[in-house]
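Worksheet for the structure shown next.
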Amino acid sequence: MTDAWVLNPDRALPAGELRPIAKEIYSATAGLPLVSMHGHVDAAVLAEDAPFPDPAQLLVVPDHYLVRMVVSQGGATLPQMGVHPVSGAGSDAGVETDARAIWRRFCENWHLFRGTPTRYWLEHELVEVFGVTRRPSAETADAIYDELTATLARPDFRPRALFERFGLEILATTDPATADLAHHRALAADGWGERVVPTFRPDPLLHVDRPDWRTQLDALSEAAGTDAHDYDGYLAALRRRRRAFVEAGARATDHGHLLADTTELDAAEAGRIFRAALAGEVSPAEAQAFSGHMLFQMARMSTEDGLVMQLHPGSLRDHDRGLAATFGQDKGYDIPVATEYTRALRPVLEAFGHHPSFRFVVFTLDETSFSRELAPLAGVYPAMRLGAPWWFLDSPDGMRRFREAITETAGFYNTSGFVDDTRAYASIPARHDLARRIDAGYLARLVAEHRMELDEAVETAVDLAYHLPKAAYPAPAPATV
Amino acid sequence: MTDAWVLNPDRALPAGELRPIAKEIYSATAGLPLVSMHGHVDAAVLAEDAPFPDPAQLLVVPDHYLVRMVVSQGGATLPQMGVHPVSGAGSDAGVETDARAIWRRFCENWHLFRGTPTRYWLEHELVEVFGVTRRPSAETADAIYDELTATLARPDFRPRALFERFGLEILATTDPATADLAHHRALAADGWGERVVPTFRPDPLLHVDRPDWRTQLDALSEAAGTDAHDYDGYLAALRRRRRAFVEAGARATDHGHLLADTTELDAAEAGRIFRAALAGEVSPAEAQAFSGHMLFQMARMSTEDGLVMQLHPGSLRDHDRGLAATFGQDKGYDIPVATEYTRALRPVLEAFGHHPSFRFVVFTLDETSFSRELAPLAGVYPAMRLGAPWWFLDSPDGMRRFREAITETAGFYNTSGFVDDTRAYASIPARHDLARRIDAGYLARLVAEHRMELDEAVETAVDLAYHLPKAAYPAPAPATV
Amino acid sequence: MTDAWVLNPDRALPAGELRPIAKEIYSATAGLPLVSMHGHVDAAVLAEDAPFPDPAQLLVVPDHYLVRMVVSQGGATLPQMGVHPVSGAGSDAGVETDARAIWRRFCENWHLFRGTPTRYWLEHELVEVFGVTRRPSAETADAIYDELTATLARPDFRPRALFERFGLEILATTDPATADLAHHRALAADGWGERVVPTFRPDPLLHVDRPDWRTQLDALSEAAGTDAHDYDGYLAALRRRRRAFVEAGARATDHGHLLADTTELDAAEAGRIFRAALAGEVSPAEAQAFSGHMLFQMARMSTEDGLVMQLHPGSLRDHDRGLAATFGQDKGYDIPVATEYTRALRPVLEAFGHHPSFRFVVFTLDETSFSRELAPLAGVYPAMRLGAPWWFLDSPDGMRRFREAITETAGFYNTSGFVDDTRAYASIPARHDLARRIDAGYLARLVAEHRMELDEAVETAVDLAYHLPKAAYPAPAPATV
């Protein structure tokens, strides 16, 4: 294919008799603002608004989907993709420092991405956002690199300019519970406080067997201005930090746990495990129980301060522990495991599932739970919304299977609408666009099968793209602040 | 949409090039009689043949799919949907007693049902059965209510008249093992004994840790005319009651268990647990083991008396125990759990899987077992038939996934054909109609892909809709009675 | 349907607007040679090149898909399908010895196969390979039998002639670790050594609680020429046998385990369990742990000798133990169970997942692991390839679901391409043909949805059908031999 590269306007819409219906539905959502309530873009990017450094640092290195695929085929090792060993774990000698070389490795492996959402997103980014006119390949790598480098130097490609051009209405970052939120304060001072909001992520503080847990407690004490080294102080410090996040504009908390367990312990037992952890004498089972207990506490605090609670369970972090030891936490490949929800969420749902100020958005990497557990739960408990397909399932067929598996039990209105999840800033519009196309295709089938009227489908599509995410992540009510 | 409400004759058939084929197949089944071998309509409805009380009591309150959806969005609480607290658990003050108000709440929330089978069934009921011409909405609620009220007062809308009009050939009710079956005797006296048959459901007697178990034993002793308070007497009483059901026309037993386990205990151990339960000293594990043991006994008794054995496992009853305590058993939301079949059914299948008088129909709420466990088992053991998609899976896409997942291993002829499962009497024709349309669509694809001839597809569709359910639930052979 | 039986050239391709695209893609793969790297055809068939005995022995008896289906409907018992009791377990009186009678039972039950891959394969075999012109039925059974009998007597229907006609480039057999490989030597002497290669299958030696384990150790000692009755000798003997297989042209090992567990034990513990097993005092848990330990050892040996490691876990063998006792091992129906991979494969992947000489092809019967575990693992570890859909999943919709579930995470190039798995020699071309059609249909959808260009789709289809299986099963590098 040597002709100029343009994207087909009907891409990712169903073929045949569904296409005209899908196009009509998609046309109602294509231009809506982006509500991006869960992501991992660093607030500094928008606070500082500096030009992006180079194409590799913008498009390749922060995208773990992309790096994994190149590694999987032996196309490159982590150091060859620019990943450094952590201090003391190895030499930097083999680490690629030439951004152009990293970019070339990606372009040479373009065929590996056939059929993946990474391919769809990158096409959208390269063509629609950056105006690239050549398909990536070994031959075109350098020319595209030069073209992108020139583009990134332009002021209209700085982060805030792109924010406007992307049509972003609001962007949530993810921030440690101990964060000083200085970048968010700077954004607020610039009048961007409503547009870029923090999210409270306390994971390292809730997993008491992590090696850095006591360091984290020190940081929590410092950040909260109260001693978090006993169980009651720890709860009080978490409450204070949540309040600080609310004051900084946060809408939500976020929790990455291996299990979805939310079983509350009695306070004495929780305190005992806390002290054992401080003494370095906690067992894995105790640490697991404590983390489930703390999810219950987080839910209770959400009923107090109005922060939406997001749960992302079921990823076994750092599957290859040797790699993680060399290259640092979360570099050792994360792999999903089967995840149980019905029994695991029962404590929180029995306690707060009908609470008027509790909002609970639950995600999964285990699609077997869609029809069996999550749709039945979200389909009855008023507090619960089923989150959008996450990570490996945030893909054309993954999103289609999600709608097919959950709509018949939970309907559309017990879901969160589209929620992206990325540290790849330039991919955000592509992700929303793809979701809108897939939902249009699913709705078009319902219309074509006379299971829904076209006007209902259009209204539903707009809700999924825009109104439902806004409704799922409301600002905490002033009364609770 | 303000024009008069008519249903498209091609609804729920696939679009495009499959539609004409699907229509031809569907036309062969659309008018077939309804064989309804598993349901929860009260026999009194047909024995008494009284007019239905009001639209809410007919269409809304008994339909838990419908009530759950309204509750899930905070559209109403259970009391606002007409559900009363059990005696001593709370005041009736907040309970809605105005049927029209309940009806309005449903109509105002009509959009929540988009994409759900409830919507399909209700459209069919309102338009095809009751002749309603307005779509439900806040504006039309009262007019539809009045229209329905007038219709329900007509003699041709009484239960028996509808039975004829629905084309029901046979309807199975579900009855406690201790039931006196008086309504079935009354029906038999009216010449309806072959048309409305009971089903033997002994669950409360097999779960020895339920609070009402000893009360149930008293009732069993009374009903069977033999003392069921020791293990041997209990088995004898169950045998007698099964015989009484056979004599009253029953075709089947039905078993709702959390697990599919069918492991037989030795008689001494079973007797020991029975005595422990009588003494109120049974552990949950013992009660679970006893219930699996009793499934094995039920299978053995089926080989003796010819009652088809139905198993419906995998629903965690009363997920919200607080709600169940307030509003009564089964009002606390039932949620599925992952369910294992390969090892769980092994005892019964090794013992009776080739027995010429054993027929075992197995259902699931866990669609992961379709291709992995249930199709391979039903695809080899002669006694086993795979039941139709159940409950949350009794839906357009659920039924399609079922056929796609199981046909390639089990074929069509190791399935039960369509089996509905509802206490919503007026929805029975809609449910059969939807299943016939979905099967027509699946078969049409096989024809279009030249994996089957059209004449074979038509014959198969007729078998799935009519002959297979009749064959799966034969009357016990006279020899065994 | 009484007209002459011809197969539609577009069978198993998607209907409608995808068909012309799918036809164009399929036309690029339809004529490619067959690379058949995993199967159960006896090497003697090709070494001896004798005519096939009769239609039943060729097409019915060795096909367990087919026999199961007839049994499941009570169409015949195992003895009526020609299966003999093992010595001492029962009389041969009821065993059908008339091949024509077995053939008739199959033909009478032809309708049971509607919608199954067996039907597709058999149609292809009967029409395309053997030129049959009548559809199977009770009426046509004898005429087809006579027609096939005449055909099988012709020299151009002997095994080697069919090998040429099928376009087989290479065929792997499966051979016990203790096999003398005499048939493979004979084939090599005839110049067929590169075309028919053995596969090393040590299962009975790795499951130390099987009743024949000590007999197997005797055979291993004999075959390896070294005493395998202590743990070190056992490892040495396995290494020697692997080397003998490499020298006989083997490309791979194959492992059928209940679990995917690969946890290494320390050598002392492994030796202790080995001695306990020799003393007949091993527990099921110890035997299970030892078999996982031995998978780890097999992986290590693969890094030494270059044999590709194939893992086929998750089948519970001989579900009906009574049948297995009567008719012999593997006659008691095999049924899948849920299978965990993320934790189970971690030991091998942490140790060897980036090893340059390790190639690990993993299969599953549990499709829930496709998107959740296997695609994420194959999508990152360079050593791992995801095997083709296996057994119950080697079917039109099973293969489609596989591509839809895994491509978005693992892409195409982390899969093995098509791998058949059969003891039914004449079905091999049909199986490859069906896989090529299904992949063409999947790729056509990506093209129609503008997620891939047509030229990329054609290239990918050729890779899946031909280049990827060759690449997944390379001959061990001479350096390692």
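Please tell me if B:Thr339 is away from chain C (no Cβ under 12 Å), open to solvent by less than 20 Å² (accessible area, probe 1.4 Å) and among the hydroxyl-bearing types (Ser, Thr, Tyr). Against the criterion (away from chain C (no Cβ under 12 Å), open to solvent by less than 20 Å² (accessible area, probe 1.4 Å) and among the hydroxyl-bearing types (Ser, Thr, Tyr)), B:Thr339 does not qualify. All conditions in (1) more than 30 Å from B:Gly332 (Cβ to Cβ); (2) modelled with pLDDT of 95 or more hold for B:Thr133, with the sole exception of (2).
Region B:83-168 holds helices (runs of 4 or more DSSP H) entirely within its bounds, and those carrying 3 or more residues that are within 23 Å of the chain's Cα centre (by Cα) and over 22 Å from A:Glu453 (Cα atoms) map to B:159-166. Check region A:220-227 and report whether any residue there is assigned by TED's automatic domain parsing to the domain that holds A:Val361 and on the phi > 0 side of the Ramachandran plot. Within region A:220-227, one or more residues are assigned by TED's automatic domain parsing to the domain that holds A:Val361 and on the phi > 0 side of the Ramachandran plot. Checked against the criteria, A:Glu108 does not count as at pLDDT 95 or above and in the same structural domain as A:Ser416 (by TED's automatic domain parsing). Among the numbered conditions (1) more than 9 Å from every other protein chain (Cβ to nearest Cβ); (2) touching a Gly at 6+ places or on another chain (Cβ under 9 Å); (3) open to solvent by 10 Å² or more (accessible area, probe 1.4 Å), the only one that B:Leu454 does not meet is (2). Tell me which residues, restricted to region B:29-74, are within 20 Å of B:Arg158 (Cβ to Cβ), more than 19 Å from the chain's Cα centre (by Cα) and assigned to a loop (DSSP other than H, G, I, E, B). Scanning region B:29-74 gives B:Asp49, B:Ala50, B:Pro51, B:Phe52, B:Pro53, B:Asp54.
Please find, among C:Phe274, C:Phe290, C:Phe296, the residue that is among the hydrophobic types (A, V, I, L, M, F, W, C), more than 14 Å from every other protein chain (Cβ to nearest Cβ), closer than 30 Å to A:Asp334 by Cβ and out of contact with any strand residue (DSSP E or B) (no Cβ under 6 Å at 6 or more places or on another chain). Break it down stepwise before answering.
Working: C:Phe274 fails: closer than 30 Å to A:Asp334 by Cβ; C:Phe290 fails: closer than 30 Å to A:Asp334 by Cβ.
After applying the criteria, what remains is C:Phe296.
In region B:314-327, the condition of being away from chain A (no Cβ under 14 Å) and at pLDDT 95 or above is met by no residue.
Does C:Leu205 satisfy the criteria of being part of a helix (DSSP H, G or I), open to solvent by less than 30 Å² (accessible area, probe 1.4 Å) and in the same structural domain as C:Ala285 (by TED's automatic domain parsing)? It is true that C:Leu205 is part of a helix (DSSP H, G or I), open to solvent by less than 30 Å² (accessible area, probe 1.4 Å) and in the same structural domain as C:Ala285 (by TED's automatic domain parsing).
Filtering region B:373-382 to residues that are buried (at least 24 other Cβ atoms within 10 Å of the Cβ) and within 9 Å of another protein chain (Cβ to nearest Cβ) leaves B:Glu373, B:Ala375, B:Pro376, B:Leu377, B:Ala378, B:Gly379, B:Val380, B:Tyr381.
Look through A:Gly411, A:Gly441 and report the one residue that is on the phi > 0 side of the Ramachandran plot, at pLDDT 95 or above and surrounded by 24 or more Cβ atoms within 10 Å (Cβ to Cβ). Step through it out loud before you land on a result.
On the way: A:Gly441 fails: on the phi > 0 side of the Ramachandran plot.
Among A:Gly411, A:Gly441, only A:Gly411 is on the phi > 0 side of the Ramachandran plot, at pLDDT 95 or above and surrounded by 24 or more Cβ atoms within 10 Å (Cβ to Cβ).
Condition check for A:Ala244 on (1) under 25 Å from the mean Cα position of the chain (by Cα); (2) open to solvent by less than 10 Å² (accessible area, probe 1.4 Å): one failure, at (2).
Within region B:131-150, the residues that satisfy the criterion of being in contact (Cβ under 8 Å) with a residue 60 or more places away in the chain and open to solvent by less than 10 Å² (accessible area, probe 1.4 Å) are B:Val132, B:Ile144, B:Leu148.
For region C:346-370, the set of residues classified as open to solvent by less than 10 Å² (accessible area, probe 1.4 Å), at the interface with chain A (Cβ under 9 Å from one of its Cβ atoms) and either under 20 Å from C:Trp391 (Cβ atoms) or not hydrophobic (A, V, I, L, M, F, W, C) (or both) consists of C:Gly353, C:Ser369, listed by residue number.
Mind listing just one residue for me: the one in region A:385-416 that is within 14 Å of chain B (Cβ to nearest Cβ) and within 18 Å of the chain's Cα centre (by Cα) and, of those, farthest from A:His354 (Cα to Cα)? Filtering first and then ranking leaves A:Phe402. Examine region B:255-262 for a residue that is among the charged types (D, E, K, R), in the same structural domain as B:Tyr341 (by TED's automatic domain parsing) and out of contact with any Gly (no Cβ under 8 Å at 6 or more places or on another chain), and state whether such a residue exists. So far as region B:255-262 goes, no, none of its residues is among the charged types (D, E, K, R), in the same structural domain as B:Tyr341 (by TED's automatic domain parsing) and out of contact with any Gly (no Cβ under 8 Å at 6 or more places or on another chain).
Yes/no per residue for (1) open to solvent by 40 Å² or more (accessible area, probe 1.4 Å); (2) among the small types (Gly, Ala, Ser):
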{"residue": "B:Gly39", "(1), (2)": "no, yes"}
{"residue": "B:Asp49", "(1), (2)": "no, no"}
{"residue": "B:Phe52", "(1), (2)": "no, no"}
{"residue": "B:Val67", "(1), (2)": "no, no"}
{"residue": "B:Val70", "(1), (2)": "no, no"}
{"residue": "B:Met81", "(1), (2)": "no, no"}
{"residue": "B:His84", "(1), (2)": "yes, no"}
{"residue": "B:Ser91", "(1), (2)": "yes, yes"}
{"residue": "B:Arg100", "(1), (2)": "yes, no"}
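On inspection, C:Thr253 passes the criterion of being open to solvent by less than 10 Å² (accessible area, probe 1.4 Å) and β-branched (Val, Ile, Thr).
When you go through C:Ala161, C:Ala153, C:Ala186 one by one, which is the residue that is in contact (Cβ under 8 Å) with a residue 40 or more places away in the chain, surrounded by fewer than 16 Cβ atoms within 10 Å (Cβ to Cβ) and under 24 Å from C:Pro53 (Cα atoms)? Answer to the selection: C:Ala153. Of the residues in region B:5-25, at least one is open to solvent by 40 Å² or more (accessible area, probe 1.4 Å), of a type in the set (A, V, I, L, M, F, W, C), touching a residue at least 40 places away in the same chain (Cβ under 8 Å) and within 13 Å of chain A (Cβ to nearest Cβ).
The values are calculated or read from the model by the stated rules, or taken from the named source; none is laboratory data. Just so it is clear, the structure is predicted and the values come from calculations on it, not from any experiment. Ideal geometry is used to build each Cβ from the backbone, glycine not excepted, and the neighbour counts take in all protein chains shown. Quick note on the areas: whole protein, heavy atoms, side chains included, nothing else; ligands and nucleic acids left out. Shrake-Rupley method; radii C 1.70, N 1.55, O 1.52, S 1.80 Å.
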